[in-house]
1. Which ones in region 326-349 are out of contact with any Gly (no Cβ under 6 Å at 6 or more places or on another chain) and under 17 Å from Phe247 (Cα atoms)?
2. Quick one: how many residues across region 410-432 are under 23 Å from Pro288 (Cα atoms), among the small types (Gly, Ala, Ser) and part of a helix (DSSP H, G or I)?
3. Taking the options Phe292, Phe301, name whichever one is open to solvent by 30 Å² or more (accessible area, probe 1.4 Å), hydrophobic (A, V, I, L, M, F, W, C) and either touching a Gly at 6+ places or on another chain (Cβ under 7 Å) or not in a loop (DSSP other than H, G, I, E, B) (or both).
4. Please verify whether Ser239 is free of Cβ contacts under 8 Å to residues at least 24 places away in the same chain, at negative phi and among the hydroxyl-bearing types (Ser, Thr, Tyr), treating the condition exactly as stated.
5. If Ser345 meets every condition in (1) of a type in the set (Gly, Ala, Ser); (2) free of Cβ contacts under 8 Å to residues at least 40 places away in the same chain; (3) surrounded by fewer than 23 Cβ atoms within 10 Å (Cβ to Cβ) apart from one, which number is that one?
6. Met208 fails exactly one of the following numbered conditions: (1) part of a helix (DSSP H, G or I); (2) open to solvent by 50 Å² or more (accessible area, probe 1.4 Å). What is the number of that condition?
7. Give just the number: which of (1) open to solvent by 10 Å² or more (accessible area, probe 1.4 Å); (2) at pLDDT below 95; (3) in contact with a Phe, Trp or Tyr (Cβ under 9 Å, 6 or more places away or on another chain) does Ile327 not satisfy?
8. Given Asp385, Asp450, Asp394, Asp360, which one is touching a residue at least 60 places away in the same chain (Cβ under 8 Å) and of a type in the set (D, E, K, R)?
Amino acid sequence: MIKHFGRWVIVLLIALTAGGWYLERTLDHAIITQALWVIYVAAPVVSLLAMERQRGARPGVLSILATLGAALVIAWILLGLDARWWIKGLLFIVLSTPLTSIANARFRADVMRAQQRRDAHATQLAEAALAGAPVERFALYLRPFVSTDRLIAQPLPSDTEVPVHLDVETVLARGFRTTVPIIALGTTGDTMEGAARVMVSDDHWREMVEALARRAEFIVMVPLSRPGTMWELEWLKQSDLLKKVLFIMPETLYETPGGVVSTQEQSDRVFEAGVQFYEASVHMLDLPKEWFEAVRAARNFGLEFPPLAAVGALFTMNPATGKVKDILPLALSMVTRRVHYLRTSVARLGLLPVSKAPGDFSKEFVKAMIWGGRTLEFAFMRAGDGYAAWGDTDTAISLMQRAVEAGQPRPKFSTEYIHALPALMEERVQVGDTRAAANYAAFTRRVCADAGLAALTTDETLRQIDSLCRMEANPQ
């Protein structure tokens, strides 16, 4: 019995391959050639329409014509031209490359125009909200401008993939575009696809934030320690609006390990040409430093943010106590159904009314993952590490047990993680994150007490853990 959706995908691919092999031997060559012509021409056009729909854009006439023209040329070179291989290769360079580059450029132009339309609509909405007039439902996105296009929502690609950047803001915009559009202060054109921008002068931005925050269905905030963002955080607390704020702890950038299926979005093109290349340094923040400063700054307002975790987090705060109310892994870089996972998480955190309460977190997480095996093990391991750092030991242990189960018969990532626990604890001690170090110490004690998890350790690892736990308990 096939228990996981990812295995159904593998079975489908095998069936399609076998079906293609069978048809090739039973059908006339001319019929196969005609079918390939249809596929080569129709597939890019269908892909264009699907990609534009996902990004909330409408394909222009030039985009459709450019995509269709490029597809026809590629099909003619591959199927209709009777020539030597090197002539076909030369024609690919001379004809198809510029044509596909033009098609990709037209696609990007459509996406940018859609963003500009959303920006214009958001500006009208903001002006109405400022004037006290009735407005449609919307959510407000607060963040320091330095975070624009620097919040990862997918891992670094492998050497065989074309690097692109997918931002958390983009996923947010897609997830709520048709129900609760996300708007933000900023400049039109500073992102290709994200929250709709509202232009406002430096003298009036605080007034605009106050008006929008009061009218927003909910507020999304990346609480990095910048003067403007800290003013917003303090004002939200004083205005008793913390109860409707979704806080985002960004994920840490990483490369997909071997054996893990990574869902990479190639968001800037229809064809494999004319791409916008990704530079990791451009899209990176010094996240440990940024979050440590954010935690320290939040304490000035009586708020205790959770310690940094590589998996990132979506969390809400309890205004009465100043502590975390609910927290979930951000994990957008690992899940396949990113928009579904984000919507479910926001509903689970109680920021959106839903007709049916979301189910168990781990079940929804598996649904969003799609893939099983090593991929699911890696995801459960990273999520479990997050809960360990945040001090929810019970959930962390449960997720680690699920990781071991998913990785059977040889749970590679779970074993490596447990062996790395001493180093993780020591690293937190060295950077002064004593709260996370204490949380890891409590988690490691539970790991050693769990028969299944303890079986993955070595005597040396147990000695290191025991030594570090004693040091943590007796810091003098």
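1. Once the filter is applied, which keeps residues that are out of contact with any Gly (no Cβ under 6 Å at 6 or more places or on another chain) and under 17 Å from Phe247 (Cα atoms), region 326-349 yields Asp326, Ile327, Leu328, Ala331, Leu332, Tyr341, Thr344, Ser345, Val346, Ala347, Arg348, Leu349.
2. Total satisfying the criteria: 2.
3. Of the residues listed, the single one that is open to solvent by 30 Å² or more (accessible area, probe 1.4 Å), hydrophobic (A, V, I, L, M, F, W, C) and either touching a Gly at 6+ places or on another chain (Cβ under 7 Å) or not in a loop (DSSP other than H, G, I, E, B) (or both) is Phe292.
4. So Ser239 does not fit the description; no.
5. (3) is the only condition that Ser345 fails.
6. Unmet condition: (2).
7. It fails just one condition, (2).
8. Working: Asp450 fails: touching a residue at least 60 places away in the same chain (Cβ under 8 Å); Asp394 fails: touching a residue at least 60 places away in the same chain (Cβ under 8 Å); Asp360 fails: touching a residue at least 60 places away in the same chain (Cβ under 8 Å).
Being touching a residue at least 60 places away in the same chain (Cβ under 8 Å) and of a type in the set (D, E, K, R) holds for just one of Asp385, Asp450, Asp394, Asp360, which is Asp385.
The values are calculated or read from the model by the stated rules, or taken from the named source; none is laboratory data. Note that the structure is predicted; figures quoted are calculated from it, not measured. Note that we place each Cβ from the backbone using ideal geometry, even for glycine, and neighbour counts take in every protein chain shown. Quick note on the areas: whole protein, heavy atoms, side chains included, nothing else; ligands and nucleic acids left out. Shrake-Rupley method; radii C 1.70, N 1.55, O 1.52, S 1.80 Å.
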